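This report concerns only the one structure given below.
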Amino acid sequence: MSTEISSPSGAQLTTADRSTAVAESLKRFARIARQSDHKKGIRAYQTHVRRDPWIPVLFLLIFALPTLITAGYFYLIASDRFVTEARFAIRPALGNVDKVQSEETGNNSSLSKQMIAQDTLITTSYIASRQMIETIERQMPLRDMFSRDSIDIFSRTGRDEPIELFMRYWHKRVTTTVDSNGGIVLLKVSAFDPQESYNLARAILTESERMVNELSLKARNAALSESTDELKNAEQRLLSTQRAMRDLRNRAGVLDAQSANKNNLTVIAELRKKRIDLSVQLNQSLRDLAPERRQIQDLKAQIQDLDDNIEKIERQMTSTDPEQRRLLSEAMTEFEALEAQRKNALLYYNKVLAASEQARIVANRQIEFFTPVVEPVVPVSAIEPRRHLITSIVALVAMAVFGLSVLIRKYLYS
């Protein structure tokens, strides 16, 4: 038995039409089922809310009240804060002396980077220090700027507050950030008046520059003083070695004996050369002349005289007195040691002299370590506190906490 489906007009439907009709029917049934489940879920949630009276209380305490308090404070009570920004860098200026020492640039580059990093940390620490606060207080009414009655009670500080407590407040209003890549320091000064914010930032920059230059001057003067003292020591060392050599020369005549030995060696060399020439001439003459001839006898006599002179000079150079030879040997050994000391002292003196001259030039020239990158300007509008951002964050956090508390209660009492 077959079942046929007909259209409302009575015509018989094809297979495709029947499939389409079945699919539409299934979709209609699924949509009706989802709507039913959704309505059941809403009714179940409403039933749970009606059964749990603490949910409205939690909504009020966890979400509504914190959001309203935050919005009320920041939009109705909180005072506007004007922020002045400035950027500066600390670096040594390169002068003629640094350019001349080009072969030492590679050796000194790491040391210069360490000095720059250290000076940068010193400056940021000084800005946050008590000494900076006390210096600025002598230049402007710093306490009055942050303790006026027009400032809201949560943002101002006490007029007679101890310096230790005021330093904590100072760290909230004056902040520094160092760029690790370029070494540029970002200074932010927050105050309740635009002109006061600008004046305070300018005063901090001026005092920081004075401190850095003072540190540089002390370091340069200390280096010059140390170089001068070391130069005096090197000069005294060289003079002491020269006096010791002079005393040894006067006592043992080492320099005369040494010079005499050099001269004797030169004379002996000349005599030996002349004897060789005469021997060659004698051998050539014996080929043609008899040994009894006058010319042959004269050549032999000249050769004999040269041999006698060479022997005599050699005897003078090598004394037969053991004590004299010992004293001369000791004197020569002492003289050689003093000569080595003199050369080392002279080399060290020249190096210290060059370093002292360079330190003197560096100490006398003006080296600017403090380089402003972005000068401070008077702020036009207040950018703090960030009312919209803070209120939105508080509302989102309160909403998340409220939702979590509802889920916890539903889980516990389900």
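Under 5 Å between amide hydrogens, which residues at least 5 positions from Asp193 or on another chain qualify, with H placed 1.01 Å from N in the peptide plane?
For Asp193, the qualifying residues are Phe82.
Once a ≥ b ≥ c are taken as the square roots of the eigenvalues of the Cα gyration tensor of the range 169-244, is the result rounded (a/c under 1.5), prolate (a/b larger than b/c) or oblate (a/b not larger than b/c)?
It comes out prolate by the Cα gyration axes.
Using the Karplus curve 6.51 cos²θ - 1.76 cosθ + 1.60 with θ = phi - 60°, work out ³J(HN,Hα) for each residue of the range 385-402 in order, rounded to whole Hz, and write x for Gly and Pro.
Here the 3J(HN,Hα) series is x, 7, 5, 4, 5, 5, 5, 5, 5, 5, 5, 5, 5, 5, 5, 5, 5, 5 Hz.
Could you pull out every residue, at least 5 positions away or on a different chain, whose amide H is within less than 5 Å of the one on Ser147? Hs are placed 1.01 Å off N in the peptide plane, and Pro or chain starts have none.
Thr157
Give the order of Trp54, Trp170 when sorted by the count of other beta carbons within 10 angstrom, beginning with the fewest.
By the 10 Å Cβ count, ascending: Trp54, Trp170.
Once you have the Cα-Cα distance between Asp80 and Ala290, take 0.36 nm times their residue separation minus that, and quote the gain in nm to one decimal.
62.4 nm is the gain from fully extending Asp80 to Ala290.
A short reminder: the numbers here are calculations on the coordinates, not readings from a lab. Not measured: the values here are computed from a predicted model. Don't worry about glycine lacking a Cβ; one is built from the backbone with ideal geometry, like all the others, and counts go over all protein chains shown.
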